[in-house]
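First the structure, in the form of structure tokens, and then the observations on it.
Quick note: the coordinates plus some simple rules give every number you see, no bench work behind them. Since this is a predicted model, take the numbers as computed values, not measurements. Ideal geometry is used to build each Cβ from the backbone, glycine not excepted, and the neighbour counts take in all protein chains shown.
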Amino acid sequence: MKRRGFEVVSTYKDKDIKIPVRKTAKSAAYDLEAAEDVVLPKFQLGIKPTLIPTGLKAYMMDDEVLLLVPRSSGPKKQGISFPHNMGVIDSDYYNNSDNEGHIFIQCINLKDYDVKIKKGEAIAQGIFQKYLIADDDKADGVRAGGFGSTDK
């Protein structure tokens, strides 16, 4: 029985996408890489985030979430910052009808020049986490799409 992990989405099957790994035995997070070259435009007020594809989807137990967090070296080395500080991948995002659960990393570039992120470059960390629900929780909705679909 599969409990949690990563798979390559079908549109990236032949693009040499690496399944994320923890780098040390005591690491909490899995490094996620860019699935293709992306240019992050230099910072300016009002800039919209750039979505960097990973070519990956994540499966997990129903009471788990994949948290996407910045790498500690991201701002200094790459200029990468997450405009939302952390991404949340719910278990029902996996294999959704819109994009198969493809994980994208929302980024902005803090530097005053464009930054090129190369395919295979680590851009985020993913942490699988259990979560709790409130006593009076009555959520019974069913995901009807991909990115940003829980408010539809």
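Observations on the structure shown:
- Distant alpha-carbon pairs in the chain (separation over 18 angstrom), percent: 60 percent
- Cα centroid of the stretch 112-142 to Cα centroid of the stretch 28-48, whole Å: 14 Å
- In the stretch 16-152, Cα pairs under 8 Å separated by at least six residues give a relative contact order of 35 percent.
- For K18, the lysines whose Cα comes closer than 20 Å to its Cα, not counting residues fewer than 8 places off in the same chain, are K2, K57, K116, K118, K119.
- Computed magnitude of the charge dipole of the stretch 42-145 (debye, nearest 20; Cβ of K, R +1, Cβ of D, E -1): 1020 debye
- Two-site FRET efficiency, T11 against M86, from Cβ-Cβ distance with R₀ of 30 Å, rounded to 0.05: 0.70
- Shape summary: the stretch 66-129 maps onto an equivalent ellipsoid whose semi-axes, from the alpha-carbon gyration tensor, are 24, 13, 10 Å in decreasing order.
- Charge tally for I19 (other residues, Cβ to Cβ under 14 Å; Lys, Arg +1; Asp, Glu -1): +4.
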